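Input: a single structure, listed below in structure tokens.
The values are calculated or read from the model by the stated rules, or taken from the named source; none is laboratory data. Just so it is clear, the structure is predicted and the values come from calculations on it, not from any experiment. Don't worry about glycine lacking a Cβ; one is built from the backbone with ideal geometry, like all the others, and counts go over all protein chains shown.
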Amino acid sequence: MNKILLQEIEKGTKNAMIKKKIINYYIKNVSSTITELSKEIDLSIPTVTKLITEMCEENYIDDYGKLETTGGRYPNLYGLNPKSGYFIGVDIKQFSINIGIINFKGEMVDIEMGIPYLLENTHKALDNLCEIISRFIEKQTVDKKKILNIDINISGRVNPESGYSYSIFYFNEIPLSDILFEKLRYKVTIDNDTRAMTYGEYIAGCVTNEKDIIFVNLSWGLAIGIIIDGKIYTGKSGFSGEFGHVKTYDNEILCHCGKKGCLETEASGSAMHRRLYELVKEGASSLLSKRILNGEKITLDDIIEAVNKEDVLCIDLVEEIGQKLGSQIAGLINIFNPEMVIIGGTVSATGDYIMQPIKTAIKKYSLNLVNKDSNIVLSKLKDKAGVIGACMLARSKVFEDN
Ligand SMILES: [Zn+2]
């Protein structure tokens, strides 16, 4: 691997900056002809040809062969060289970790889902996380020196720029990304989990040409990811998207953020879980009644499984949450006028059961002229959105424009 370009990028030389732009272009567009590329980056064809030749020699760019066209000349297609580097993405969940590695072209080389893990805000949990990552790297057959970045998804308040995580693993004055670099001996970046899922759908999921997108992460909690004009929107310190903590209800339900009446208290996986327990204890019947009354622990996945087995009580609860959430997404649509709204996260596995009430409420509560622009779709990457997004972010962050 030719690391000279990375060093040049750090120094900010003009040539390296243009090459970085070309890599960025191919991260988003996969492949193109030299003519298309020169138009996109606004440089002459001879200049771009020279740069592409250099980058092929440096192994960053690959000649993908001739473009199939009808008649005339066949121009060559260029794109990223898959063997030029590797990037690791780590998605931390409450009870498990998903981890993956992609090549330079963005293709998944290896992925491990559901590695047992308990997320606690302790030094021990942080050490366990590092052990899991090291073990994963250990078993990879690729050249370890070519692993260029590890991006880790963490829930809560994360500043990707400074590398600080404020909600989890905030033990001292040093940024978490620096602590992880010390422990793992690889470059590490961190990001908010919902933002990573959003980016995953954007680069490798259900997004095709859309540039203004809202991704709704309906899991145990509730948050959104925002893409404006093709760029992920982080806000000043990386705290954007805390949709779940908007004061919406005059209820007495205490949110884990410490406040009352947050949207999340009635429109989230945890709200659905709480309502199920309440209703079963009041005598409502469900496939899960027996287990709940016996004091067994029920997970969100158990409820989703019951929905997909047509359990009426659980379906009612999903509908109730969908309706409440949809009426608030209607507000987002009025504000942002997005081209696409993606419904993702754990609860999105209920498919039509959650989509229909969301769509109906959006139609009912948003401005008609505005909502006509918004395509409401289900997440394509499903439970892999986080890990794929983390891998893609790990790559983008090495080459992103500042
Ligand atoms: Zn809250």
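Worth a mention:
- Which numbered condition LEU293 misses (of (1) farther than 23 Å from THR194 by Cβ; (2) within 16 Å of the ligand (Cβ to nearest atom); (3) of a type in the set (A, V, I, L, M, F, W, C)): (2)
- Note on the range 123-153: residues that are crowded, with 21+ Cβ neighbours inside 10 Å and either farther than 22 Å from ASP110 by Cβ or of a type in the set (Asp, Glu) (or both) total 1.
- For GLY225, the conditions (1) outside any helix (DSSP H, G or I); (2) more than 21 Å from ILE27 (Cα to Cα); (3) among the small types (Gly, Ala, Ser) are fulfilled apart from (2).
- Scanning the range 256-290 for residues that are over 24 Å from the mean Cα position of the chain (by Cα), hydrophobic (A, V, I, L, M, F, W, C) and surrounded by fewer than 21 Cβ atoms within 10 Å (Cβ to Cβ) gives LEU279, VAL280, ALA284, LEU287, LEU288.
- Sole exception among (1) aromatic (Phe, Trp, Tyr); (2) assigned to a strand (DSSP E or B); (3) touching a helix residue (DSSP H, G or I) at 6+ places or on another chain (Cβ under 9 Å) for TYR25, by number: (2)
- Count of residues meeting criterion [without any contact (Cβ under 8 Å) to a residue 40 or more places away in the chain, touching a strand residue (DSSP E or B) at 6+ places or on another chain (Cβ under 9 Å), more than 8 Å from the ligand (Cβ to nearest atom) and assigned to a loop (DSSP other than H, G, I, E, B)] in the range 247-282: 6
- Members of the range 198-222 found to be of a type in the set (S, T, N, Q) and in a loop (DSSP other than H, G, I, E, B), listed by number: THR208, ASN209, SER219
- The condition of being among the aliphatic types (A, V, I, L, M), touching an Asp or Glu at 6+ places or on another chain (Cβ under 8 Å) and in contact (Cβ under 8 Å) with a residue 12 or more places away in the chain holds for ILE228.
- Any hit, the range 339-346, residues being of a type in the set (Ser, Thr, Tyr) and out of contact with any Ser or Thr (no Cβ under 7 Å at 6 or more places or on another chain): no
- Test: GLY244 is near the ligand (Cβ under 10 Å from one of its atoms) and touching a Leu at 6+ places or on another chain (Cβ under 8 Å): yes
- Evaluation of LEU67 against (1) modelled with pLDDT under 90; (2) in contact with a strand residue (DSSP E or B) (Cβ under 6 Å, 6 or more places away or on another chain); (3) closer than 23 Å to GLU400 by Cβ (one fails), failing number: (3)
- In the range 72-86 there is at least one residue matching the filter, namely being in a strand (DSSP E or B), in contact with a strand residue (DSSP E or B) (Cβ under 9 Å, 6 or more places away or on another chain), surrounded by fewer than 19 Cβ atoms within 10 Å (Cβ to Cβ) and among the polar types (S, T, N, Q).
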